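Novice: There's a structure below that I have some questions on.
Just so it is clear, none of the values below were taken in a lab; they were calculated from the coordinates. Please read these numbers as outputs of a predicted model, since none were measured by experiment. Cβ atoms come from the backbone with ideal geometry, glycine included; neighbour counts cover every protein chain shown.
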Amino acid sequence: MIEVRKAINMRELAEIIFKDVTKSVQDYIEQYPDRNLDETQIVSRYAPSPTGFQHIGGIFAALVAQRIATQSGGVCFLRIEDTDQKREVDGAISDTIDTMHKYGIDFNEGMVDDVTSKGNYGPYKQSERKQIYHAFAKELVAKGLAYPCFATPEELDELRQQQVEQKITPGYYGKFAVYRNLSEQEAIQKIQQNIPYIIRLKSNGNPDKRVNFHDLIKGDISFPENNQDIVIIKGDGLPTYHFAHAVDDALMHTTHVTRGEEWLSSLPIHIQLFDMLGFKRPEFAHIPTIMKLEGNSKRKLSKRKDAESAVTYYEEQGYPVICVIEYLLNIINSSYEQWREQNSDCYKFNIELDKMSKSGALFDIVKLEDVSKEIISKMSADEMYDLYTKWAKQYDPQMYDLVTQNEKGIKMFFGIDKGTAKPRKDFAKWSDVKDKIVYLFDEFFDTEQENALANEKEIEILTKYIKVYNHNFANQEEWFNHLKDFAIGIGYCANRKEYKNNKDAYKGMVSDVATVIRVALTHRTNTPDLFVIMQILGEKKVKERLKKFATS
Ligand code: GLU
């Protein structure tokens with residue numbers, strides 16, 4: 001009899017708290033039926049908060065979620081977790097979608113811009129799901145599994161202080177959770193007196209017992225059960241992350257929750273929520289945090305301290321999107337590199353969660369540069385030209401103008417050594433290009449500080465070379481043979497050994513002559529194929545530069 005009375009009281013309390021709730025839990029369960037997928041098909045999601053900052057870790061997490069779903073023929077959706085409205089930034093959702101799209105990550109379902117979505121399991125923005133959360137919270141209150149808590153911030157502070165002083169686990173739990181045992185009548189009275197409250201879970205966990213689970217990345221893990229009466233609905237009526245994600249992932253039929261490892265320690269709460277709500281637990285995979293090496297120690301890539309934490313950094317620097325993705329795939333599974341040697345489309349790589357690093361994922365710009373150089377070295381000259389000019393148009397308009405006015409020459413330059421066994425690996429990003437090609441343009445070349453004035457030997461080489469200079473050789477070999485003959489003719493040696501044994505008989509080596517010409521034409525001792533550079537410059541400019549250097 002008492003129990004029946006109690007149940008009636010709990011239902012009444014739930015009705016009073018959630019008087020605006022019109023649909024039942026059952027209604028929602030029916031509204032979002034099982035997906036028409038078999039059990040090998042994964043449903044995953046990327047669930048960012050719209051803070052307006054795209055962290056490279058976001059691409060990393062989204063890539064993992066999207067890959068595991070796509071490679072299983074499943075579904076990956078985009079859910080916006082905007083229950084912390086203080087952190088929200090206008091336009092952040094579209095920005096997330098555009099950024100992900102640029103990196104080849106598209107979602108089958110979910111938000112498609114700031115306000116619209118596609119798919120049958122929406123709304124996909126948590127702020128629009130308040131009614132749903134309330135229906136589930138109401139059910140918990142009605143079952144005595146959640147309760148209104150009227151503790152003021154001051155009371156909570158005081159409690160915390162006492163707990164810290166007594167060196168006991170801080171929080172709202174057990175005997176400290178005073179409103180947990182308020183009778184329904186007392187609670188209703190307080191609500192009627194308009195005393196503010198939040199809704200807490202009535203935890204049934206015992207920290208002396210352990211909860212064991214298998215994380216798809218971290219492996220077997222065991223934690224004490226949660227006994228904290230965590231908040232599920234805040235004072236503003238919005239749910240906490242814990243509660244919202246459990247309701248969402250259950251109704252959206254997420255099979256795999258992939259998310260940052262900062263959530264790992266909350267997992268006992270989440271498992272408890274799934275259980276108390278009567279939901280099937282999804283699989284969890286906690287993705288390692290992106291770390292960076294500083295000195296000898298690793299630390300989290302920080303939004304404040306590290307420019308490379310922002311996705312925009314890679315765009316501004318001009319790392320081709322594909323290079324960043326391939327680099328991230330390398331971090332996800334170290335077997336990627338080997339796979340890539342036999343395959344070309346990185347989006348076909350099947351990632352394996354259990355092969356991911358269990359500790360932090362080390363982000364290393366030097367390694368990114370290596371990956372990137374490798375990929376750019378394999379691009380065709382046309383592809384490089386297209387990507388470079390697209391980048392330069394936005395980030396270096398002066399270079400854009402110069403390069404587009406010299407399309408043929410720049411393509412020749414980008415084409416140097418292409419298709420050979422050892423293509424040049426000069427560029428890791430488009431902002432590297434300028435420094436390597438500026439000398440092709442008088443605008444820069446003429447204003448460059450020359451290292452030293454030409455000495456007598458150099459003047460002799462250049463004045464004589466101008467006289468015999470022939471611009472019409474068919475290839476590098478013919479041109480070089482001519483240069484060699486010229487050098488020998490004016491007293492230079494073509495054979496290193498011979499030169500070493502007989503230094504006084506020569507003015508130097510043929511390579512010294514080539515270097516003088518290279519420096520005169522480019523102001524650099526090291527450049528790609530000089531023959532091609534001369535072709536790009538054209539006969540007139542070559543002669544002008546040789547002359548100018550000889551008379552400098
Ligand atoms: N909104 C959470 C975050 O941005 C996502 C966690 C999750 O994927 O469940 O960290």
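Novice: Please compute the net charge surrounding residue 238, taking Lys and Arg as +1 and Asp and Glu as -1 over other residues with Cβ under 10 Å from its Cβ. Don't skip to the answer; put the middle values down first.
Specialist: Working: positive: 129, 130, 234; negative: 82, 84, 236.
Net local charge, residue 238 excluded: 0.
Novice: Stretched out fully, how many nm does the piece from residue 206 to residue 24 gain, at 0.36 nm a residue minus the Cα gap?
Specialist: Numbers: separation 182, 0.36 × 182 = 65.52 nm, distance 3.02 nm.
Net length gain for the segment: 62.5 nm.
Novice: Could you tell me which of the pairs 298/373; 234/298; 393/547; 190/280 are separated by over 32 angstrom between their Cα atoms in the structure shown?
Specialist: Working: 298/373 25 Å; 234/298 36 Å; 393/547 34 Å; 190/280 35 Å.
In this structure, 234/298; 393/547; 190/280 lie more than 32 Å apart at Cα.
Novice: Could you grab the relative contact order for segment 154-255? Cα pairs under 8 Å, six or more apart, rounded to a whole percent.
Specialist: Values: 95 pairs, mean separation 23.0, N = 102.
Taking the mean separation of contacting Cα pairs over the length of segment 154-255, I get 23 percent.
Novice: How much mean residue ellipticity at 222 nm does the chain get from its helices, if each DSSP H run of length 4 or more adds -39500 (n - 2.57) and you divide by all residues, to the nearest 500 deg cm²/dmol?
Specialist: Counting only the DSSP helices, I get -13500 deg cm²/dmol.
Novice: Calculate how many DSSP beta bridges within the chain are antiparallel, expressed in % of all such bridges and rounded to the nearest 5.
Specialist: Working: 21 of 38 bridges.
If we restrict to bridges inside the chain, about 55 percent are antiparallel.
Novice: Now a separate question. So for the chain, averaging the separation of alpha carbon pairs under 8 Å that are six or more residues apart and normalising by length, what relative contact order in percent results? Write out the running numbers ahead of the final one.
Specialist: Numbers: 751 pairs, mean separation 62.1, N = 552.
After rounding, I find 11 percent.
Novice: Highest mean first, what order results for 430-443, 161-174, 139-152 on Cβ atoms within 10 Å? Please report the intermediate quantities before stating the final value.
Specialist: Working: 430-443: 18.0, 161-174: 13.2, 139-152: 19.9.
Ranking, from highest mean packing down: 139-152, 430-443, 161-174.
Novice: Classify segment 74-130: rounded, prolate or oblate, from the alpha-carbon gyration tensor (a ≥ b ≥ c, eigenvalue square roots; a/c under 1.5 rounded; otherwise prolate if a/b is larger than b/c)?
Specialist: Numbers: a/c = 2.19, a/b = 1.18, b/c = 1.85.
Oblate is the answer for segment 74-130, as a/c is 1.5 or above yet b/c matches or exceeds a/b.
Novice: What does the extension gain come out to for residue 381 and residue 524, with contour length at 0.36 nm per residue minus their alpha carbon separation?
Specialist: Details: separation 143, 0.36 × 143 = 51.48 nm, distance 2.28 nm.
Gain in length upon complete extension: 49.2 nm.
Novice: Give the separation of the Cα centroids, segment 172-194 to segment 220-254, in Å.
Specialist: The two parts, judged by their Cα centres, are 21 Å apart.
Novice: R0 = 45 Å: FRET efficiency of residue 113 with residue 540, Cβ-based, nearest 0.05?
Specialist: Working: r = 54 Å, r/R0 = 1.20.
So, using R0 = 45 Å, E works out to roughly 0.25.
Novice: Under the classification rounded if a/c is under 1.5, otherwise prolate if a/b is larger than b/c and oblate if not, where does segment 7-104 fall, given a ≥ b ≥ c as square roots of the Cα gyration tensor eigenvalues? Present the calculation step by step, with values, prior to reporting the outcome.
Specialist: Details: a/c = 3.42, a/b = 1.48, b/c = 2.31.
Taking the square roots of the gyration eigenvalues as a ≥ b ≥ c, segment 7-104 is oblate.
Novice: Could you pull out the GluC sites (Glu not before Pro) across segment 1-75 that fall in loop regions by DSSP (anything but H, G, I, E, B) with no more than 11 other Cβ atoms inside 10 Å? All intermediate terms of the calculation are to be shown ahead of the outcome.
Specialist: Numbers: sites: 3, 12, 15, 30, 39; in loops: 39.
Of the GluC sites (Glu not before Pro), the ones in loops of segment 1-75 whose Cβ has at most 11 other Cβ atoms within 10 Å are 39.
Novice: Then there's this: Which of the listed residues, 107, 65, 462, is farthest toward the dipole's positive end in the chain, when Lys, Arg count +1 and Asp, Glu count -1 at the beta-carbon?
Specialist: Highest projection toward the positive end goes to 462.
Novice: Given points 7 Å out from each Cα along the Cα-Cβ axis, report the residue 503 to residue 190 separation in nanometres with one decimal.
Specialist: 9.4
Novice: Quick one: Cα centre-to-centre distance for segment 367-390 and segment 283-311, in angstrom?
Specialist: One Cα centre to the other: 26 Å.
Novice: So how strong a dipole does segment 178-292 carry about its Cα centre when Lys and Arg Cβ are +1 and Asp and Glu Cβ are -1, to the nearest 20 debye? Each step should come with its number before you reach the end.
Specialist: Values: 12 positive and 14 negative charges, 21 e Å.
In total the dipole reaches around 100 debye.
Novice: State, to one decimal in nm², a quarter of the convex hull surface area for the C-alpha atoms of segment 243-292, i.e. the direction-averaged projected area. Don't skip to the end; give the middle numbers.
Specialist: Numbers: hull surface 13.7 nm².
Mean shadow area of the hull around the Cα atoms is 3.4 nm².
Novice: Which number gives the lysine pairs in segment 401-464 that have C-alpha atoms under 20 Å apart and are eight or more places apart or on different chains?
Specialist: The number of close lysine pairs in segment 401-464 is 14.
Novice: Evaluate the distance, in nm, between pseudo-label points positioned 7 Å from the Cα of residue 338 and of residue 406 along their respective Cα→Cβ axes.
Specialist: Result for the modelled spin labels: 4.5 nm.
Novice: Moving on to the next point. With a bin width of 20 angstrom, please list the P(r) values of the chain as percents of all Cα-Cα pairs, from the 0 bin to the one holding the largest distance.
Specialist: In whole percents, the pair-distance histogram is 17, 37, 23, 14, 7, 1.
Novice: Of all beta bridges DSSP finds with both residues in segment 143-295, what is the antiparallel percent, to the nearest 5?
Specialist: On the way: 14 of 19 bridges.
Among the beta bridges of segment 143-295, antiparallel pairing accounts for roughly 75 percent.
Novice: Considering only the other residues whose Cβ falls under 10 Å of the Cβ of residue 258, what net charge follows from Lys and Arg at +1 and Asp and Glu at -1?
Specialist: On the way: positive: 45, 67, 259; negative: 283.
Taking every other residue near residue 258 into account, the sum is +2.
Novice: OK, next. If the only charges are +1 at each Lys and Arg Cβ and -1 at each Asp and Glu Cβ, what is the size of the charge dipole of the chain around the Cα centre, to the nearest 20 debye? Don't skip to the answer; put the middle values down first.
Specialist: Values: 74 positive and 83 negative charges, 215 e Å.
Value, rounded to 20: 1040 debye.
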